[in-house]
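For reference, the structure is listed below as structure tokens.
Quick note: the coordinates plus some simple rules give every number you see, no bench work behind them. Everything quoted here is computed from the prediction, not taken from an experiment. Neighbour counts are summed over all protein chains in view; Cβ atoms, including those assigned to glycine, are modelled from backbone coordinates with ideal geometry.
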Amino acid sequence: MGQYYKAVLKKTTENIWKGIEPHNTGTKLMEHSYLTNSFVNRVMCALYRTPMQVVWAGDYADNEKNETKNLFGLVQEKYRFVINLFPFFGYRYIINHDKMVYIDTRKIKADKWGYRINPLPLLTAEGNDRGGGDYRGINKELCGTWARNVISTDNRKPDTMKYTEVEYEFMEE
């Protein structure tokens, strides 16, 4: 069966997770994890110069500590706060403030079909490789390594004295 995902964000000054619902873009991870996808761009819009913890919460992910549900289920029932934003295309940099690194999205290579995978959903995915539609390509082991880290987006390059540029190659096999 296929695993479904929601983007879930939490400001560092708040104690509540907020979900962003996809709209007609497919909720399986690899149905929407591309640079031009409107759902992913809505998340990038929410993160614009606003650092937040980010999780691409899968419905097959492990349960939260001291809870009987995972983050996907808790956002559905307990926290259910949906952010609706209009996407703005062109956020060039994805910045991880916990790891002090950033990604320049203009350097992401296209696959053999001409699509460029946005690394944000994959790097923050919890529950990847547990259902249909999950990412199983090159660098699969990197999926989830940024989950719950504080991340923002920007059109301005971060201070290179503080942040290091990283490049990840994600290509479906």
Practice prompt. Starting from the amide H of Arg92, placed 1.01 Å from N in the peptide plane, find each other amide H under 5 Å away whose residue is 5 or more places distant or on another chain.
Written response: Asp154, Asn155
Discussion item. For Lys157, give me every one of the lysines with a C-alpha distance below 29 angstrom, ignoring sequence neighbours fewer than eight places off in its own chain.
Written reply: Lys6, Lys10, Lys11, Lys18, Lys99, Lys107, Lys109, Lys112, Lys140
Worksheet item: Rounded to the nearest 0.05, what FRET efficiency is calculated for Asn66 and Ile138 with R0 set to 41 Å and r the Cβ-Cβ distance?
Response: 0.70
Practice prompt. Would you compute the Debye intensity of region 98-173 from its alpha-carbon atoms alone, equal scatterers and no solvent, and pass along log10 I(q)/I(0) at q = 0.14, 0.15, 0.25, 0.26 Å⁻¹ to two decimals?
Written response: -0.49, -0.56, -1.30, -1.35
Worksheet entry | Mean Cβ neighbour count within 10 Å, used as a protection proxy, ranking 101-114, 46-59 highest first | 46-59, 101-114
Worksheet entry | Distance between modelled label sites at Thr160 and Arg130, nm, 7 Å Cα→Cβ extension | 4.0
Worksheet item: Using modelled amide H (1.01 Å from N, peptide plane; none on Pro or chain starts), what sits under 5 Å from the amide H of Ile151, excluding residues fewer than 5 places away?
Response: Met52, Gln53, Val54, His97
Fill in: Amide hydrogen neighbours beyond the local backbone of Glu165, cut-off 5 Å, H modeled
Tyr102
Worksheet item: aspartates and glutamates near Lys28 by alpha-carbon distance under 14 Å, same-chain residues fewer than 8 away left out - which ones?
Response: Asp59, Glu126, Asp129, Asp134
Discussion item. With an 8 Å Cα cut-off and a minimum separation of 6 or more residues, compute the relative contact order for the chain in percent.
Written reply: 30
Response to the item:
In nm, the gap between the two label points placed 7 Å beyond Cα toward Cβ at Arg148 and Met171 is 3.3
Worksheet item: Which whole-Hz couplings ³J(HN,Hα) result when phi for each residue of region 143-158 is put into the Karplus expression 6.51 cos²θ - 1.76 cosθ + 1.60, θ = phi - 60°, listed in order with x for Gly and Pro?
Response: 4, x, 6, 10, 4, 6, 6, 7, 10, 9, 10, 6, 8, 9, 5, x
Worksheet item: Sorted by average packing, counted as other Cβ atoms within 10 angstrom per residue and highest first, what order do 118-125, 159-166 take?
Response: 118-125, 159-166
Item to complete: Pop out the ³J(HN,Hα) list for region 27-44 in order, Karplus 6.51 cos²θ - 1.76 cosθ + 1.60 with θ = phi - 60°, rounded to Hz; leave Gly and Pro as x.
Response: 10, 6, 3, 8, 8, 9, 7, 10, 4, 9, 6, 5, 5, 4, 5, 5, 5, 4
Practice prompt. Give me the distance in nm between label points sitting 7 Å out from Cα along the Cα-to-Cβ direction at Thr13 and Val101, one decimal.
Written response: 2.9
Item to complete: Indicate, rounded to the nearest 5 percent, the antiparallel portion of the DSSP beta bridges found entirely in the chain.
Response: 75
Worksheet item: So, in Å, what gap is there between the alpha-carbon centers of region 33-55 and region 143-162?
Response: 12
